[in-house]
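The values are calculated or read from the model by the stated rules, or taken from the named source; none is laboratory data. Because the structure is a prediction, the values reported are computed rather than measured. Every residue, glycine as well, gets a Cβ built from its backbone with ideal geometry; the counts of neighbours run over all protein chains shown.
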Amino acid sequence: MAAELGERSREEDVATRVEAADASPDQVSMLVELMRERHPVYRGRSTNATIRMRGYAMAAFERVGLPEPALLYALEELESGREPYLVAAAAKALRGLIRRERRLVPFLLRAIDNVRYHDDMVTFERYLPTWPAESPTTALAEVFRTLGWLGPNAALALPRLTDFKAIQLPPVTRAALTRAISEIQTDGVPEESSCCRRADPRPFGILGRSEPVAASGAPPMSARFEDQDGLRLTYRDFFSGRPSVVVFFYTRCTNPNKCSLTITKLAELQKQTAQLGLSESVRTAAITYDPDFDLPPRLRAYGDNRGVVFADDHRLLRATRGFDAIATYFELGVNYGPAAVNQHRIEAFVLDDNGRITTSFTRLQWDVRQILDEAIAAPADGRRSGRGRSELFGAAGTD
């Protein structure tokens, strides 16, 4: 059924399908497919239309149940999202889990930080509502409701919620806050549920967010790039001979939790690599999703402003030929509207000395030390380095 939805589908028709979805496997699978950034239904849409469509589908998981494959999409939106409609949808989606899980709390607290200063009224009562809506809500209200749904499992959030009692809030948000505090304080034994352990447990750890990859096809060796200084090179030129860390971004990204943070963390990775004396052993690169706009001067300025140190082995790149092959090989989570990117995920990859993907870090924020540890252990000159986290960093930490 998901295959019937494509770039020529009307928004209203997609919404009708979402509204008619029930808990049957094929209907839930349709909703999961609509979470993918590369779904053809988003191709050529404006950013606002993409937000509406994806958010409306995500909110439906509260009604039909949130399956394992969709959990990561909701956590991603809570951790890094800043659009009130999508954050509200993600908070609603978590209430579709079978049981309640205390490890959801940090993601909900992060969502509060992400939207508290630019929250807005939204509604899910219909796809294109008229205002004033009958049942308006806000992103903060939905986050508070989900914390209340967790009950005693959300005890960790009580100090933060109590602080909000002194803040001026819209009536609907304050009502959700008051009720959440009451529900969390209700006597009861927190559940040590297994719902989210049946899903991939990695999203809940500070570390362990990588995913081994067996990429299909060969690396796009003939793809051509231009770096921040206008120098030309191919994929084979840069990504051969030693392991690499490559991330994706674009300079017009308006979410500071995504592209700007990605490049800032890449600069920190470079710093730690230098401190370990490995600057010439591990290459780093950032490839733009927006090669026609991100010309060398923009790449240079964007990197400079975020602490990137440029060198032969450390560059920001734009594809001048073969970007489609790059997107296919890395299975990039990005789609495009009429003029620019309309949505994308966080994504970073470790490559071996032949430019092949060995590990991916997607959707959730990646840890600098972990990704560097993976790069150090990646094959180089036909062997693995044998130097791991215990030797280089001691006890595990965060970036």
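The table that follows gives values for the structure above.
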read-out	value
Residues (of a type in the set (F, W, Y) and closer than 23 Å to R242 by Cα) located in region 287-334	F310, F323, Y329, F330
Helices (runs of 4 or more DSSP H) contained entirely in region 44-126, each with at least 1 residues that are under 17 Å from W149 (Cα atoms) and under 18 Å from the mean Cα position of the chain (by Cα)	47-59, 68-80, 84-94, 105-115
Residues of region 313-331 classified as surrounded by fewer than 20 Cβ atoms within 10 Å (Cβ to Cβ) and over 18 Å from A375 (Cα atoms), total	8
Subset of region 79-121 [of a type in the set (A, V, I, L, M, F, W, C), touching a strand residue (DSSP E or B) at 6+ places or on another chain (Cβ under 7 Å) and surrounded by fewer than 24 Cβ atoms within 10 Å (Cβ to Cβ)]	M121
Exclusive hit being surrounded by fewer than 14 Cβ atoms within 10 Å (Cβ to Cβ) and either at pLDDT 95 or above or in a helix (DSSP H, G or I) (or both), set P159, P152	P159
Index of the failed condition, G307 passing every other in (1) within 25 Å of Q370 (Cβ to Cβ); (2) touching a strand residue (DSSP E or B) at 6+ places or on another chain (Cβ under 9 Å)	(2)
Residue list for region 48-71, restricted to those being polar (S, T, N, Q) and surrounded by 17 or more Cβ atoms within 10 Å (Cβ to Cβ)	T50
Residue match in region 5-20 (condition: out of contact with any strand residue (DSSP E or B) (no Cβ under 9 Å at 6 or more places or on another chain), at pLDDT 95 or above, closer than 17 Å to A90 by Cβ and in a helix (DSSP H, G or I))	yes
Every residue from region 335-358 that is closer than 18 Å to R54 by Cα, crowded, with 19+ Cβ neighbours inside 10 Å and of a type in the set (A, V, I, L, M)	V341, I346
Of the criteria (1) under 21 Å from the mean Cα position of the chain (by Cα); (2) free of Cβ contacts under 8 Å to residues at least 24 places away in the same chain, which one Y329 fails	(2)
Within region 288-312, considering residues that are crowded, with 17+ Cβ neighbours inside 10 Å and of a type in the set (V, I, T), the one farthest from R43 (Cα to Cα)	V308
Those helices (runs of 4 or more DSSP H) lying entirely in region 189-308 with at least 1 residues more than 19 Å from D353 (Cβ to Cβ), in the same structural domain as I326 (by TED's automatic domain parsing) and at pLDDT below 95	261-275
